[in-house]
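Below: the structure, in structure tokens.
Read-outs: derived from the displayed coordinates by stated rules, not from any lab. As the structure is a computational prediction, the values presented were derived from the model and not from experiment. Because the Cβ atoms are built from the backbone with ideal geometry, glycine has one as well, and the counts that use them run over all protein chains shown.
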Amino acid sequence: MRTQVAIIGAGPSGLLLGALLHKAGIDNIIIERQSGDYVLGRIRAGILEQGTVDLLKQVGAGERMQTEGTVHHSIELVFKNQRHAIDVHGLTDGKVVTAYGQTEVTRDLMDARQAAGLPTVYEAGDVSIHYFDSAQPKVRYVKDGQTHEIACDFIAGCDGFHGVCRASVPKASIQEFERVYPFGWLGVLADVPPVSPHAIVYGNHERGFSLCSMRSLTRSRYYIQCAIDDKVEQWSDQAFWDELRLRLDPKLAERIITGPSIEKSIAPLRSFVAEPMRFGRLFLAGDAAHIVPPTGAKGLNLAASDVKYLSDAFVDYYIDKTEAGIDGYSERSLRRVWKAERFSWSLTTLMHRFPDAGGFGQKIQEAELEYLVSSKAASTALAENYVGLPL
Ligand code: FAS
Ligand code: PHB
């Protein structure tokens with residue numbers, strides 16, 4: 001089989017890239033090692049920047065998001081038992097964020113791809129990539145006991161942090177930068193109305209970080225910082241709700257509507273960047289190239305901006321007959337990636353309880369938060385980064 005671009009991974013990166021390439025008339029196939037249901041079963045991100053919303057609309061996968069997603073003009077910061085609104089909309093000349101789960105984004109992109117009759121191979125085994133340092137790269141995989149080979153012009157590594165693409169790059173050709181945080185996030189999804197339907201709430205408390213978010217007006221998403229070696233079995237629903245309440249201001253804590261968790265999981269937090277993001281005819285995008293701690297809600301949005309740049313680069317190559325786009329992709333993406341890494345690291349450092357911080361560390365965080373909510377300049381800097389820097 002032959003195609004122009006072979007995409008490895010059917011997460012948000014791979015699906016959105018496939019949709020953008022299809023719209024530009026560029027042939028592509030997606031090879032995914034899991035089943036579609038497995039991919040949809042992963043509960044992850046929830047906040048979309050305007051740029052991501054616009055891309056989903058551009059590829060015809062934005063309809064349900066526009067009716068079921070909730071638009072947010074502000075976020076709230078809770079510290080020292082007080083809640084402070086940051087008017088993100090007012091501070092950024094009208095920009096907003098949309099709360100709409102990654103699961104739904106993935107489902108909409110899968111449906112659009114199926115409706116367009118585009119090829120996706122799910123449950124592909126032993127996926128491997130070859131000759132990407134030549135002009136004739138190949139992808140191989142096993143399906144139903146048969147080995148298949150795809151000849152292509154380019155390979156897009158959209159296969160996440162644990163994928164095969166980055167792992168196939170010779171160690172001497174890649175530089176990795178990493179910071180692992182000494183805590184995790186315990187997340188709960190519950191079919192209860194969100195405690196704050198108009199704003200995403202971030203809490204700083206000496207017991208640890210907390211976050212109140214949503215998936216719709218009837219489905220809430222909450223997180224609390226937990227110990228890095230915590231196991232989800234240690235946390236009953238009741239223990240979660242009690243701890244969440246202890247970390248919020250009394251008024252908000254009182255308003256929380258609890259219910260049985262329909263999903264409960266612990267995610268580790270890390271900052272990670274692999275440089276460069278291009279190796280001959282192999283291009284990395286999304287979590288295959290970088291990871292951010294979810295505090296800044298950047299992971300999914302960075303994946304979207306990567307594939308926007310990558311699809312532009314392929315359009316330059318195939319339509320405008322210039323290699324400028326593919327030659328500039330890595331540098332262009334990394335400029336934006338590192339700014340999002342900085343913001344995510346900074347907000348994580350400000351909002352979480354670090355084991356060695358002590359009383360002094362808590363006081364410094366509270367002083368920074370006091371300054372942040374009382375300074376227009378500081379709030380504007382937070383707001384600009386939160387809604388997403390210009391593409
Ligand atoms: P993904 O990991 O989503 O997708 C990669 C795909 O490649 C997967 O379907 C995988 O099965 C497939 N694959 C892997 N190896 C393969 C192989 N060898 N062959 C074929 N296919 C292969 N971001 C936020 O903004 N907010 C959050 O709250 C948030 N929470 C998160 C929680 C967790 C536990 C994790 C892991 C991430 C979270 N993220 C969050 C970040 C997350 O949303 C990612 O940014 C997003 O999934 C990136 O999408 P992809 O780059 O497509 O990678
Ligand atoms: C979510 O709704 O999952 C979410 C919201 C804001 C974040 C991270 C995750 O910063």
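Per residue, the average separation of C-alpha pairs within less than 8 Å and at least 6 apart gives the stretch 241-298 a relative contact order of 27 percent.
What fraction of the Cα pairs in the stretch 1-147, stated in percent, has a spacing above 24 angstrom? So the pairs more than 24 Å apart make up 45 percent of the total in the stretch 1-147. Grouping the Cα pair distances of the stretch 178-257 into 5 Å bins from zero gives a pair-distance distribution of 3, 15, 27, 26, 17, 9, 3, 1 percent in increasing distance order.
Note that the stretch 168-176 has calculated 3J(HN,Hα) couplings of 8, 7, x, 3, 6, 9, 9, 10, 10 Hz, one per residue in order, obtained from phi through the Karplus relation 6.51 cos²θ - 1.76 cosθ + 1.60 (θ = phi - 60°); glycine and proline are x. Computed across the stretch 132-221, the Kirkwood hydrodynamic radius from all distinct Cα-Cα pairs reaches 18.2 Å.
As a ratio to 2.2 N^0.38 Å, the alpha-carbon radius of gyration computed for the stretch 215-267 takes the value 1.16. GNM on the chain, alpha-carbon springs under 10 angstrom: the most fluctuating residue among ALA85, ALA304, ALA357 is ALA357. Projecting the Cα atoms of LEU252, ALA19, ALA115 onto the dipole axis of the chain, where Lys and Arg carry +1 and Asp and Glu carry -1 at the beta carbon, places LEU252 farthest toward the positive end.
Each of TRP241, GLY36, TYR141 was scored by the projection of its Cα onto the charge dipole of the chain, and the greatest displacement toward the positive side belongs to TRP241; charges sit on the C-beta of Lys, Arg, Asp and Glu. In summary, the convex hull built on the alpha carbon positions of the stretch 296-338 has an orientation-averaged projected area of 2.7 nm².
Reducing the stretch 74-126 and the stretch 12-55 to their Cα centroids gives an inter-centroid distance of 12 Å. When the P(r) of the stretch 1-75 is calculated, the portion above 19 Å amounts to 46% of the C-alpha pairs.
Using mean Cβ contacts within 10 Å as the protection proxy, how do 199-205, 138-144 order, highest first?
Working: 199-205: 22.9, 138-144: 16.9.
Sorting 199-205, 138-144 by mean packing, highest first, produces 199-205, 138-144.
Could you name the lysines whose alpha carbon sits less than 19 Å from that of LYS80, not counting residues in the same chain fewer than 8 places away? The qualifying lysines are LYS251, LYS363.
How long are the semi-axes of the ellipsoid equivalent to the stretch 75-118, from square roots of 5 times the Cα gyration tensor eigenvalues, in whole Å, largest first? Please report the intermediate quantities before stating the final value.
Values: eigenvalues 267, 43, 3 Å².
Here the semi-axes work out to 37, 15, 4 Å.
Can you give me the angle between helix 102-115 and the longest principal axis of the chain, using Cα atoms only, in degrees from 0 to 90, rounded to the nearest 10? Result, in degrees: 30.
An ellipsoid equivalent to the stretch 247-391, defined through the eigenvalues of its Cα gyration tensor, has semi-axes of 37, 18, 15 Å when rounded to whole angstrom and sorted largest first. Among ASP316, ASP159, ASP287, the residue with the largest mean-square fluctuation in a Gaussian network model of the chain, with springs joining Cα atoms closer than 10 Å, is ASP316.
Dividing the Cα radius of gyration of the chain by its Kirkwood radius returns 0.98 for Rg/Rh.
Report the Stokes-Einstein translational diffusion coefficient (µm² s⁻¹, integer) for the stretch 73-185, Rh taken as the Kirkwood radius over Cα pairs, at 37 °C with viscosity 0.692 mPa s. Numbers along the way, then the final one.
Values: Rh = 19.2 Å.
The Stokes-Einstein estimate is 171 µm²/s.
On a 0 to 90 degree scale, rounded to 10, what angle separates helix 12-23 from the longest Cα axis of the chain? Tilt of helix 12-23: around 50 degrees.
For the stretch 272-343, the spread of Cα positions along the three principal axes, ordered from largest to smallest, is 40, 18, 16 Å.
The angle between the Cα long axis of helix 237-246 and the main principal axis of the chain comes to about 60°, on a 0 to 90 degree scale. Determine the shape class of the stretch 331-391: with a ≥ b ≥ c the square roots of the Cα gyration tensor eigenvalues, call it rounded for a/c under 1.5, and otherwise prolate if a/b is greater than b/c, oblate otherwise. Judged from the Cα gyration tensor, the stretch 331-391 comes out oblate (a/c at least 1.5, b/c at or above a/b). Could you name the aspartates and glutamates in cross-link range of LYS138, using Cα to Cα under 14 Å and dropping any fewer than eight places away on the same chain? In chain and number order, the partners are ASP126, GLU149, ASP153.
Candidate cross-link partners of LYS95 among the aspartates and glutamates, defined by an alpha-carbon separation under 18 Å and a same-chain spacing of 8 or more, comprise GLU49, ASP54, GLU76, ASP87, GLU384.
Averaged over every viewing direction, what's the projected area of the C-alpha convex hull for the stretch 204-323? Give it in nm², one decimal, please. Display every interim value, and only then the final one.
Numbers: hull surface 43.0 nm².
Here the figure is 10.8 nm², rounded to one decimal.
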